Amino acid sequence: MTFSNLAQYFEKLEATSKRLELVDILSQLFRESSAEEIGKICYLIQGRVAPFYEPTELGMAESLVAQAIAKAYDASKDDVIKSYRHLGNMGLAAEKLSKAKRLKTKAVSVTEVFNELLKIAKFVGKGTVEQKVTTLSNILKSIDPISAKHVVNIPLGTLRLGIGDPTVMDALSIAKTGKKDLRPEIEDAYNKTSDLGYVAETFFKHGKNGIKNIKLVVGKPVRPALAERLPNAEEAVKRLGNTFAAEPKFDGFRVAVHKDGNNVKLFSRNLEDTTNAFPDIVEGAKTQIKAKSCILEGEAIAYNPLTEEFLPFQETTKRRRKYNIEEKAKELPLILFAFDVLYLNGKDVTAKPYKERRKLLESIVSADHTVVRIAEERILHTAGEITKFFNEEISEGLEGLMLKKLDAPYKAGGRGFHWIKFKRSQSGELSDTVDVVLLGVYTGRGKRTEFGVGGLLVGVYNEKKDRFETISRVGTGLTDEEFRKVNEISKKLRISHKPARVESKIEPSFWIEPKVVLEIFTDEITKSPIHTAGMNPSADGGVGYALRFPRLVRFREDDKRPEDATTVSEIEKLYKNQYVGKKSSK
Ligand code: ATP
């Protein structure tokens, strides 16, 4: 396919925010794509040249991109910047200059442009800046104005086609079968590898059987298995049967260790490569995990080496940093409490029941190691035993319990009753928070004028419709510092129109690109005609869910992607559960 053809599809995608139309256009695009280029196209749609978890960035900000545009079209950098300021988008500035220059372009393929962009990401060492500028300018010289517009938005991270992973997966299935019927198989393969390009290429090359055979790969992050909530211990016993496992719920951050010999990679809850941030865990994994190759998961929590006490989350989270890594590692050492194994010595073990995986885990990590330790596990039978263990853990300063079904496989990318979480709230009672996505800000009044932000418009993720729906305005629980932080985020992610994947009946002062996740404590979930979360105009007269007295607990931009926020179906369950929960004796 020519890049020019792809750019025409980008134009069409940009012009709509309706999910069905997006799926339709994408499936037409995929039908025209060859097996060799489909993977690359999947990355380009997301404005990338690699899967999202790979830290492969083009490393060109506005100034360098402007330089490349100037060089391509014999303009001055100042003129490019002026035009950019006037038009509000660097892509539009490139398109305008390209049109005026009327260059003779040739039919460049998607693969050629992709490979050149990848080169830009890979240049290192002396002369890198010059090489990046020249390579981008050469690409621009060879393509038409519309293509230039979209290419320029890739290094800048401003190619916003408003397409989420579920939309791509539906379109892949439709492109091959005319229906969405292969979506479950595609999603399964995606959950195992987190790499849509790789899944799409395998699908196009080897069909349905090809993706069914996709296994975990050491080095490709696995979308994590997630826990369900239940209102009380009695309900949990009903779900789990009379024999189940219970483990302490550590309040740190989730770490997936991918080990192949002495080669160790770490991934976070939101599948970011965090290998460089935790050299102590990397070293621990090399020497304290007895496996040639494995993927295991655990929760990292900081402790005080003198008193051997666990530290609260606010301390643990100080280890998530880009600078002074070694120094902080000495000050706040981490223990990784391993709680599951997904892959061992060449074999994907996710299909084995939990109790067998636990045995495998016990054979490769022990309880007395300094860095990688196995999490304590107790086999329980009754609600009373749950309450007793829960109270013990709370008094040790831990967050609560995780209950696990003994015969359940590891379900990558899924929330289910195979794991049930019981958490303590700030006031000590059993309760939970919700994770919302920042969608807009209201400018401040009074004292808050100085922060630039007076309130936040937040939403949850509707996984069926692949969009974000509003659920609340948040104005309390934020410190001055946090208001300033929201203002900084707002300056970076502010956009002039409602983002493509946002459904809202209200208009904040500024819209924000849905990227940042916030944890919110709320008194109650109520129904509201103002918010769109879960709203189904035809079924219930247009009533959505809302949060009552929402307070900010913390920012979760480090460990959750917007699609990992609480979903509409979880809100529905929380709404139904909340009154049962209040009556619970826990
Ligand atoms: P979720 O991960 O379910 O979206 P969340 O990130 O807000 O929610 P929690 O609701 O606190 O996290 O519960 C799940 C998380 O608990 C896991 O992702 C993991 O990081 C952590 N965790 C702590 N201890 C354990 C354990 N023993 N087994 C599994 N997970 C644990």
Sorted by mean Cβ packing within 10 Å, highest first, what order do the peptides 251-258, 316-323 take?
-> 251-258, 316-323
Quick one: check the C-alpha center-to-center distance for region 430-492 versus region 513-579, whole angstrom.
-> 12 Å
State whether region 226-423 is rounded, prolate or oblate according to the following rule on the C-alpha gyration tensor (a ≥ b ≥ c being the square roots of its eigenvalues): a/c under 1.5 gives rounded; otherwise a/b larger than b/c gives prolate, and the remaining case gives oblate.
-> oblate
J(HN,Hα) series, region 144-153, from Karplus relation 6.51 cos²θ - 1.76 cosθ + 1.60, nearest Hz, glycine and proline x = 6, x, 5, 5, 4, 3, 7, 4, 4, 6
Over all distinct alpha-carbon pairs, what is the Kirkwood Rh of the chain in angstrom?
-> 25.7 Å
Trypsin sites (Lys or Arg not before Pro) within region 78-140, DSSP loop, no more than 14 other Cβ atoms inside 10 Å | Arg102, Lys104, Lys106, Lys126
Protection proxy (average C-beta count within 10 Å per residue), highest first, orders 138-149, 488-499, 471-482 as 138-149, 471-482, 488-499
Please list the non-local residues whose amide H lies under 5 Å from the amide H of Glu557, H modeled 1.01 Å from N, same-chain partners needing a gap of 5 or more.
-> Val517
Once Leu87 and Ser538 are pulled to full extension, the length gained, defined as 0.36 nm per residue separation minus their Cα-Cα distance, is 158.3 nm
For His206 and Phe313, what is the calculated FRET efficiency with R₀ set at 45 Å and r taken between the beta-carbons, to the nearest 0.05?
-> 0.55
Working out 0.36 nm times the residue gap between Glu283 and Arg548, then minus their Cα-Cα distance, what length gain in nm do you get to one decimal?
-> 90.8 nm
Give a residue-ordered list of calculated ³J(HN,Hα) values for region 160-172 (Karplus: 6.51 cos²θ - 1.76 cosθ + 1.60, θ = phi - 60°; whole Hz; x for Gly, Pro).
-> 10, 8, x, 10, x, 4, x, 5, 4, 5, 4, 5, 4
Distance between region 56-74 and region 166-184 - C-alpha centres, whole angstrom | 36 Å
Label point 7 Å out from His381 along Cα-to-Cβ: which residues of region 396-426 have amide N under 17 Å?
-> 406
Can you list residues whose amide H is under 5 Å from Ser194's amide H, if they're 5+ apart or on another chain and H is modeled 1.01 Å from N?
-> Arg223
Give the shape of region 419-532 as rounded, prolate or oblate, defined through the alpha-carbon gyration tensor: a ≥ b ≥ c are the square roots of its eigenvalues, a/c under 1.5 means rounded, and otherwise the shape is prolate if a/b is larger than b/c and oblate if not.
-> oblate
In Å², what does the accessible area per residue of region 3-156 work out to with a 1.4 Å probe?
-> 46 Å²
Between Gln131 and Glu524, the two model label points (7 Å from Cα along the beta-carbon direction) sit apart by a distance in nm of 6.3 nm
Please work out the C-alpha center-to-center distance from region 359-402 to region 132-151 and express it in whole Å.
-> 56 Å
Ignoring ligands, DNA and RNA, what percent of the 1.4 Å accessible area of region 194-289 is carbon and sulfur?
-> 42 percent
For Thr158 and Asp260, calculate 0.36 nm times their separation in residues minus their Cα-Cα distance, and state this gained length in nm to one decimal.
-> 33.1 nm
Could you order peptides 402-409, 454-461 by the average number of other Cβ atoms within 10 Å of their residues, highest first?
-> 454-461, 402-409
Which FRET efficiency value, to the nearest 0.05, do you get for Glu572 and Asp74 by plugging their Cβ-Cβ distance into 1/(1 + (r/R0)^6) with R0 = 51 Å?
-> 0.30
What ³J(HN,Hα) values, in whole Hz, does the Karplus curve 6.51 cos²θ - 1.76 cosθ + 1.60 give for region 183-196 when θ = phi - 60°, with x put for Gly and Pro?
-> 3, x, 5, 5, 5, 4, 5, 5, 4, 7, 10, 6, 10, 5
Once label points are set 7 Å from the Cα along Cα→Cβ at both Asn115 and Ile506, what is their separation, rounded to one decimal in nm?
-> 5.3 nm
222 nm mean residue ellipticity, helices alone, for the chain (DSSP H n ≥ 4; -39,500 (n - 2.57); rounded to 500) = -12500 deg cm²/dmol
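The values are calculated or read from the model by the stated rules, or taken from the named source; none is laboratory data. This structure is a prediction, so every number in the text was calculated from the model and none was measured. Every residue, glycine as well, gets a Cβ built from its backbone with ideal geometry; the counts of neighbours run over all protein chains shown. Calculation scope for accessible area: heavy atoms of the full protein, side chains included, ligands and nucleic acids excluded. Shrake-Rupley method; radii C 1.70, N 1.55, O 1.52, S 1.80 Å.
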